[in-house]
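None of the figures in this text is laboratory data; all of them are computed from the coordinates on show. Values in this document were obtained by computation on a predicted structure and should not be read as measured data. All Cβ positions, even for glycine, are placed from backbone atoms using ideal geometry, and neighbour counts span all protein chains on display.
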Amino acid sequence: MADTVTNPSPKTSGPPRKGRFFKNIWFFIPAIVLTLLVLTAIFAPLLAPYDPIKVSMREKLLPPFFMEGGTTKHLLGTDKLGRDILSRAIFGARISLSVSLIVIAITASIGTVLGISAGYLGGRTEAFLMRVTDVSMAFPGLLLAMLLSVSIGPGFWTVILALSILGWAPYARLIRGEALRVRGSDFVAQARVNGASPMRIMLKHVFPNVLNPLIVVMTLAVGFIILAEAAMSYLGIGVPPPEPSWGSMVADGRSEIDRAWWISLFPGIAIGLVVLSGNFLGDWIRDKLDPRLRQV
């Protein structure tokens, strides 16, 4: 009887390491950029070589260190008042991050509470809350924020109020849809049978099941809020001078763009990097946590 030779089955392996690295590159690079932003904002007084609002007319319009006439004392140069660009950019990161985190905390909290209430309770509560949400979303949010800032006057908390007043509406609409989906699940029905109150069901069963899309939208909102704050400061209705803001730094360089381009360029690069990083990281988290949100 002839012996049968059994060929060993080929070993199966996961995707190559190189492929996994490039697949996750949209996580690593944005995460590094945003981590650096957070660390820069926290340790700004230690990292900044100079007082960001100190005026030194003898050192005005110094170019970056790599240009002729530049000096390592001011690595990114100085503006028309002799203020150090690097120091102002570092402290500008603190303002941008603070505004972004506070606005996201306010809008996400309000939107989540209203969205869960509308989605789970239904009926007249849902109809009323969704009509309010629809009306809020009908207004151009950034334009209304600018009008409000002009009416009240520029300031740190004015920017936060202006960006928060309508920013909750997209959260409410998204969370309401997720709450509707969870409301019809078996474990929620079982909780009702067991006598759980609506408040307990919303906190214990509905809220944990809407966290994934909530995290995604919060991450995507970082870039938008930083860009909105920069736009308001650029127009002079955001954080008032002499406090350094990336938007106001870009505006300061408009009149000197032909001979001192670095005043506007470096804060502009910072805005672009942070906005793109927030968007890419949000897309990556969305694909990992909830691919259904690709259509949102």
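When the Karplus curve 6.51 cos²θ - 1.76 cosθ + 1.60 is applied with θ = phi - 60°, which whole-Hz ³J(HN,Hα) does each residue of the range 136-149 get, with x for Gly and Pro?
Residue by residue, the range 136-149 yields 5, 6, 6, 7, x, x, 5, 5, 5, 4, 5, 5, 5, 5 Hz.
GNM on the chain, C-alpha springs below 10 Å: top fluctuator among N279, N212, N24?
Maximum fluctuation in the GNM of the chain, among the listed residues, is at N24.
Using Cα centres only, tell me the gap between the range 61-136 and the range 165-198 in whole Å.
29
Explain nothing, just the number: dipole magnitude of the chain about its Cα centre with +1 on each Lys and Arg Cβ and -1 on each Asp and Glu Cβ, in debye rounded to the nearest 20.
It comes to approximately 700 debye.
Report the relative contact order of the chain, percent, no decimals, based on alpha-carbon pairs under 8 angstrom and at least 6 residues apart.
For the chain, the relative contact order is 21 percent.
How large is the helix-only mean residue ellipticity at 222 nm for the chain, computed as the sum of -39500 (n - 2.57) over DSSP H runs with n ≥ 4, divided by its residue count, in deg cm²/dmol to the nearest 500?
Taken over the chain, the calculation gives -21000 deg cm²/dmol.
For the range 81-295, what are the per-bin percents of Cα-Cα distances with bins 10 Å wide, up to the bin holding the maximum?
P(r) for the range 81-295, in whole percents per bin: 8, 29, 29, 19, 10, 4, 1, 0.
Considering the dipole of the range 201-277 built from charges on the beta carbon (Lys and Arg +1, Asp and Glu -1) around the Cα centre, which of A228, S245, S277 is farthest to its positive end?
The one lying farthest along the dipole's positive direction is S277.
Ranked by Cβ crowding within 10 angstrom, fewest neighbours first, how are E126, E178 ordered?
E126, E178
Scale the Cα Rg of the range 192-242 by the rule-of-thumb value 2.2 N^0.38 Å and send over the ratio, two decimals.
Taking the Cα Rg and dividing by 2.2 N^0.38 Å, one obtains 1.99.
Can you return the aspartates and glutamates within cross-link range of K73? Criterion is Cα-Cα under 17 Å, with same-chain partners fewer than 8 residues away left out.
The reachable aspartates and glutamates, counting only those whose Cα sits under 17 Å from K73, are D51, E59, D84.
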